[in-house]
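The values are calculated or read from the model by the stated rules, or taken from the named source; none is laboratory data. Please read all numbers here as calculations on a predicted model, not as lab measurements. Cβ coordinates were reconstructed from backbone atoms using ideal geometry, including for glycine residues, and neighbour counts include every protein chain displayed.
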Amino acid sequence: MNCIRIRFYGDLNDFLLPKQGQRAFTYCFKDERSIKDLIESLGVPHVEVGLLLIDGEPEDFSQLVFGGEQIAVYPHFTRLDLSSLPHVQPEPLSEFRFVLDVHLGKLASSLRMLGFDTFYRNDAPDDELAAISAKENRILLTFDRQLLKRKNVNYGYLVRSRDPDQQVVEILKRFNLFDRQRPFRRCMVCNGLLRSASREEVEDSIPENVRQTLNEFSCCPSCGRVYWKGSHYQRMQRAIEKFINQT
């Protein structure tokens with residue numbers, strides 16, 4: 001048997017057994033293994049890892065381990081520039097786009113409300129989600145750690161909270177999205193980009209009282225849904241303020 005000493009830092013401990021968390025522990029295995037396979041065998045998806053040190057030196061996921069190594073595994077850093085170190089992840093994304101699994105419908109609506117390009121369909125199978133993430137460089141958000149371990153998934157995150165509002169705050173913090181929000185620019189139903197519309201264009205799709213009192217409207221060219229600044233708009237503004245205040 002080959003044995004190494006390994007420690008995981010930060011929220012990577014969420015994936016470990018209680019006896020393994022927040023401390024260095026010994027892990028034994030047969031034959032040589034890549035560090036990526038070793039880390040995932042302990043339950044940590046590769047997309048959650050931001051920095052990897054073996055005997056104090058930064059390495060990438062292809063590095064083989066033979067036994068006797070001291071390994072430190074860190075989560076992503078949002079405020080440190082690690083570009084000069086060997087990459088364990090692909091190049092950082094210039095645009096944050098998401099694909100969500102079937103259990104995250106409310107989070108999908110909230111991310112769209114904040115202006116983020118978010119693919120969601122309540123019947124999308126895991127194979128399709130992983131393929132979309134890989135093809136379109138979308139960050140895969142899910143409750144399923146096995147889905148994040150798929151080889152073709154390069155960008156992803158395991159959502160920890162089960163509360164929809166806390167999920168939004170969690171994602172804003174994890175990806176440092178505070179300055180990237182563009183509220184009310186996307187359709188919350190289909191993700192299409194909204195455009196301004198005149199009252200005449202949408203009059204057949206809005207209630208009589210709205211038609212008589214409001215002049216500003218937006219519509220979705222993709223699904224035809226019409227938006228206006230009514231009571232629902234005020235509720236969404238309060239929700240956005242709540243998200244920001246919690247960050």
List pairs: first in the range 217-241 and in contact (Cβ under 8 Å) with a residue 24 or more places away in the chain, second charged (D, E, K, R) and assigned to a helix (DSSP H, G or I), Cβ under 8 Å, 6+ apart or cross-chain?
219/201; 239/165
Assess whether residue 69 counts as being among the acidic types (Asp, Glu), touching a residue at least 24 places away in the same chain (Cβ under 8 Å) and closer than 19 Å to residue 2 by Cβ.
yes
How many of the residues in the range 116-142 are outside any loop (DSSP other than H, G, I, E, B) and under 24 Å from residue 91 (Cβ atoms)?
14
So which of 33, 5 is without any contact (Cβ under 8 Å) to a residue 60 or more places away in the chain, farther than 30 Å from residue 178 by Cα and not polar (S, T, N, Q)?
33
What are the residues in the range 9-53 that are aromatic (Phe, Trp, Tyr) and part of a helix (DSSP H, G or I), if any?
15
Regarding residue 183, is this residue in contact (Cβ under 8 Å) with a residue 24 or more places away in the chain and outside the structural domain of residue 13 (by TED's automatic domain parsing)?
yes
Filter the range 37-60 for residues that are in contact (Cβ under 8 Å) with a residue 24 or more places away in the chain and surrounded by fewer than 18 Cβ atoms within 10 Å (Cβ to Cβ); the one that is nearest to the chain's Cα centre (by Cα) is 43
Conditions (1) in contact with an Asp or Glu (Cβ under 9 Å, 6 or more places away or on another chain); (2) surrounded by 14 or more Cβ atoms within 10 Å (Cβ to Cβ); (3) closer than 29 Å to residue 92 by Cβ: number failed by residue 172
(1)
Name the one entry in 7, 23 that is farther than 19 Å from residue 145 by Cβ, at pLDDT 95 or above and surrounded by 18 or more Cβ atoms within 10 Å (Cβ to Cβ).
7
Quick check, is residue 161 of a type in the set (S, T, N, Q) and more than 30 Å from residue 49 (Cβ to Cβ)?
no
